[in-house]
Amino acid sequence: MPSEETKERIIKAVDFGRTILHYGWIPFIIYVGYTRSNPQPSLIKCVALLLSSRLLY
């Protein structure tokens, strides 16, 4: 049986992994879509589109 200290480390590692997955999933999907699309959109156009959509709301 694992000791209490080992259990606590596993729980902390799982919580850390969940946090990374929670905050990193959408940026990862955007990155994959950006790098795998053909033709690749320019970064300036993507940023301008995001900013213009923010101004509309």
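The values are calculated or read from the model by the stated rules, or taken from the named source; none is laboratory data. Owing to the predicted nature of the structure, the values given are computational and were not obtained by experimental measurement. Here the Cβ is made from the backbone with ideal geometry for all residues, glycine too, and neighbour counts use every protein chain on show.
Quick look at the numbers
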read-out	value
Residue check, ARG36 over 15 Å from the mean Cα position of the chain (by Cα) and loosely packed, with under 10 Cβ neighbours inside 10 Å	yes
Flag for ARG9 being modelled with pLDDT of 85 or more and either surrounded by fewer than 10 Cβ atoms within 10 Å (Cβ to Cβ) or not aromatic (Phe, Trp, Tyr) (or both)	yes
